[in-house]
Amino acid sequence: MQRPRLLPLAYLEMRRALAPTLLGTLFLLCLLLIYAAGGDSLTGLEPDPAILRGQARLFLWTVALMIVVPASIGRAAGSGAAQAHRDAPWLRSRATGPGATALATWTGQLLGAALLLAGICWAGEACAAKTGVEAPVSLLERPASVAAPRQLLPAGGQLSWTVPESAAGDQHHLRAALAASGDSDVNRARLTLEAHRANTLERPTAVTPTGDGEQLSGSERLLTETDTLIWTSPAGAGPLELTVFNAGPATLVIGGPAALGATEGLSHWRPVATDSDGPRTLILLWLLALAPALALAQGLGSRISPASATLLLLCLGLAAALASPPPGSPTAISWPGSGLREAMLTLGSGRSPAPPGPLALVGAVLWTIPGLVLVLGRRP
């Protein structure tokens with residue numbers, strides 16, 4: 001009996017996934033978006049270079065993915081239907097078992113998706129370069145965040161959080177807003193931020209606040225609306241204790257009003273020399289989301305119509321993207337792609353999203369296996 005050759009089958013499926021029509025459409029679209037990028041900004045405004053480059057990347061990624069993702073999932077569903085009836089053109093002359101066929105098909109489709117994402121990444125970098133601004137120092141999101149539930153901070157009070165690990169120069173961001181009040185005379189709060197290494201005897205370091213509020217002194221800021229509190233880690237390493245003092249007269253809502261959709265976590269950012277890490281991380285995140293989606297598309301396509309399987313998976317993927325857990329939520333294996341919306345928004349803000357952790361890989365594997373099992377369980 002002839003042994004199945006997985007690599008040739010995967011290569012053939014990769015070529016089929018990179019259909020000339022899809023490649024031509026994507027190429028022309030990227031050229032058009034690159035040509036249109038870098039237009040003049042609004043008169044009188046000086047946008048942040050990082051945000052300008054991030055928005056250029058985000059626009060191209062969003063438009064290109066609206067073509068690539070449905071096409072890839074639809075192609076995988078069609079392959080599942082072809083395998084179920086053994087009428088795929090490249091399978092007719094090959095003595096292959098269902099397991100080798102399903103695995104090779106999924107591998108080839110994932111490789112094709114990786115090449116398409118790499119092309120989108122290159123086009124996004126071209127759009128960022130077309131803006132005409134130099135790549136600034138960027139912020140790389142750290143995977144871990146500290147839970148900071150929404151709570152009130154009255155005048156004269158203080159709140160503290162302990163960060164397990166923070167290198168010198170790292171930044172910690174937290175949303176804050178004024179509590180609703182009808183008296184305009186008290187709609188302000190004087191804030192003081194401090195950072196202290198928990199394993200040293202040094203006195204707390206007063207942090208120069210940054211954000212949209214009015215700067216009062218080296219360590220004080222006047223908050224008059226929703227803002228982001230930013231602590232910068234002092235020299236040293238190890239645990240870090242962050243403190244905010246509210247001198248009043250207004251009461252603060254730490255975490256921000258729910259209507260603004262502010263997250264409840266104390267986010268952790270690390271300055272990096274370039275902003276090019278974000279697109280590469282986005283490729284990994286999308287591949288971890290597409291891996292189970294392509295496998296499930298194969299499995300569903302072998303049992304229902306490819307169009308129905310594609311529509312079902314696109315709806316489930318959209319629901320998963322909108323149901324992302326907030327920072328600081330309990331660790332759990334989430335739906336594939338549940339953090340893509342936040343990662344895309346982070347890229348658009350000129351920052352780099354956190355790379356996927358071990359749980360993301362485990363979740364992708366656990367959701368990929370059922371799709372391949374669906375194909376194996378289908379009898380033609």
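The values are calculated or read from the model by the stated rules, or taken from the named source; none is laboratory data. For clarity, every value in this text was computed on a predicted model and none was experimentally measured. So basically every Cβ, Gly included, is an ideal-geometry build from the backbone, and we count neighbours across all protein chains shown. These accessible areas exclude ligands, DNA and RNA; they are computed on the full protein's heavy atoms, side chains included. Shrake-Rupley method; radii C 1.70, N 1.55, O 1.52, S 1.80 Å.
Reported count of residues in the range 301-313, each being open to solvent by less than 40 Å² (accessible area, probe 1.4 Å) and either among the basic types (K, R) or assigned to a helix (DSSP H, G or I) (or both), is 4.
Contact map, the range 148-170: residues that are of a type in the set (D, E, K, R) paired with residues that are in a loop (DSSP other than H, G, I, E, B) and surrounded by 13 or more Cβ atoms within 10 Å (Cβ to Cβ), Cβ distance under 6 Å, separation 6+ or inter-chain. Pairs shown: R150/G255; R150/E264; D170/S233. Every listed requirement among (1) basic (K, R); (2) buried (at least 20 other Cβ atoms within 10 Å of the Cβ); (3) modelled with pLDDT under 85 is met by R341 save one, (2).
Does L287 meet the test of being open to solvent by 10 Å² or more (accessible area, probe 1.4 Å), at pLDDT below 90 and in a helix (DSSP H, G or I)? Here the answer is no, as L287 does not meet what is asked.
The condition (being part of a strand (DSSP E or B), within 23 Å of P271 (Cβ to Cβ), modelled with pLDDT of 80 or more and not hydroxyl-bearing (S, T, Y)) is satisfied by just one residue among A176, A167, A206: A176. Select from the range 147-164 the residues that are open to solvent by 30 Å² or more (accessible area, probe 1.4 Å) and modelled with pLDDT under 80 and list them in ascending order. Result: A147, P149, R150.
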